[in-house]
Amino acid sequence: MGRPLACSASSSELARPDPSPPQWRLGWLSPSYLREFPADLFVYLGSGLPEDSGTIYWAVDATHGGELRFGSGDGFNFVELRTLMVATDWGNDRSMGEMALAGHAKALLEWHESSRFCGQCGAQTVTIDVGRRKQCTSDSCKKKIYPRVDPVIVLLVVDKRNDRALLSRRSRFVPRMWSCLAGFIEPGESLEEAVRRETWEVTGIEVGQVIYHSSQPWPVGPGSMPCQLMVGFFAHAKSFDIQVNKEALEDAQWHSREEVEKALTFAEYEKAQRTAAEKVSQMCRGVEKGTSFSTDFNVESGELAPMFIPGPFAIAHHLISSWVNQGASI
Ligand SMILES: [Zn+2]
């Protein structure tokens, strides 16, 4: 559960202890592998473009219902989605499109797992609409249950007058990584109110104008929230003294545009990608059975920047790089 099937660009590369690890992408199995799985476990993901010969994509939770039989030489392995996300070639549109499908599948399958019983009456639920909905089996209830999405605000606080941006660190971040502020939306709160409240709560800074930037589904958060929707904003600071709430943040500091520009170090991301790809290869060779996100960025060698920001797979990266590149217009 939660670990999509991955495959390397070439299965023969698995046996090769090579300093340049293979490219990893999502692994697809034909229906012949899945004959033992009951039909109601399959969740419809969508159909491919005509150039894909109208292929129809399904997801199935392989921890239930049947056994997958493929040999170690087939080049397949189950890999944490976060690790695969870092290991995938971010410049390859097809691989990244498949990552989006993997996120969609993971969110739906985890929602299925956590919604086996009706929250209203406690009766069992069944899958309907090819896995896109569930319904309570009690005749007196029949409540329909929809997949869950949890909105999260991600914000870059900007000091327009002094041309600075506020970056912060949480204790769970890997060393040297700084990022945007982020927080959940309270029930009954607007997105703009959430931006102002979150900034005030964790840094003591007052925010005036709030400007929407973009959004991103994030299906690799905690298991209790199978899909977060990250909504990104710029927040213009009205006050500038930082009072860090140490329960929420390890640190928060203003950084000049030059400092932030240096933190956009693609060498770091390339190293992280190579490290993650090698980790997946090691797992496939049986060297390493588990991994965690934090070790993905544990780059020990080479020239290290004093700080870096999350990679291009995260909305925080795009908020920060937009501010660096667009300058005073934000
Ligand atoms: Zn019910």
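The values are calculated or read from the model by the stated rules, or taken from the named source; none is laboratory data. Note that this is a predicted model, so its numbers are computed, not measured. Neighbour counts are summed over all protein chains in view; Cβ atoms, including those assigned to glycine, are modelled from backbone coordinates with ideal geometry. Protein only, heavy atoms only, side chains kept; ligands, DNA and RNA dropped before computing areas. Shrake-Rupley method; radii C 1.70, N 1.55, O 1.52, S 1.80 Å.
Being within 23 Å of PHE313 (Cα to Cα), open to solvent by 20 Å² or more (accessible area, probe 1.4 Å) and in contact with a His (Cβ under 7 Å, 6 or more places away or on another chain) is a property that holds for SER214. Counting only residues that are among the hydrophobic types (A, V, I, L, M, F, W, C) and open to solvent by 30 Å² or more (accessible area, probe 1.4 Å), which one in segment 128-172 is modelled with the highest pLDDT? That would be CYS141.
Taking segment 190-200 as the range and being surrounded by 14 or more Cβ atoms within 10 Å (Cβ to Cβ) and of a type outside the set (A, V, I, L, M) as the test, the residues that pass are GLU192, GLU193, ARG196, ARG197, GLU198, THR199, TRP200.
Consider segment 67-108 and keep the residues that are without any contact (Cβ under 8 Å) to a residue 24 or more places away in the chain and not in a helix (DSSP H, G or I). The one that is nearest to the ligand (Cβ to nearest atom) is GLY71. Taking segment 19-49 as the range and being under 22 Å from MET99 (Cβ atoms) and at pLDDT below 80 as the test, the residues that pass are SER20, PRO21, PRO22, GLN23, TRP24, GLY48, LEU49.
The residues listed here are PRO187, PRO175; of these, the one that is open to solvent by 20 Å² or more (accessible area, probe 1.4 Å), in a loop (DSSP other than H, G, I, E, B) and over 26 Å from PHE308 (Cβ atoms) is PRO187.
Looking only at residues in segment 139-156 that are in contact (Cβ under 8 Å) with a residue 24 or more places away in the chain and either in contact with a helix residue (DSSP H, G or I) (Cβ under 6 Å, 6 or more places away or on another chain) or in a loop (DSSP other than H, G, I, E, B) (or both), which one is farthest from the ligand (Cβ to nearest atom)? The residue in question is LEU156.
Per the conditions (1) open to solvent by less than 30 Å² (accessible area, probe 1.4 Å); (2) more than 24 Å from TRP218 (Cα to Cα); (3) not in a strand (DSSP E or B), the sole criterion not satisfied by TRP111 is (2).
Among the residues making up segment 116-138, those that are of a type in the set (Gly, Ala, Ser) and within 11 Å of the ligand (Cβ to nearest atom) are GLY119, GLY122, ALA123, SER138.
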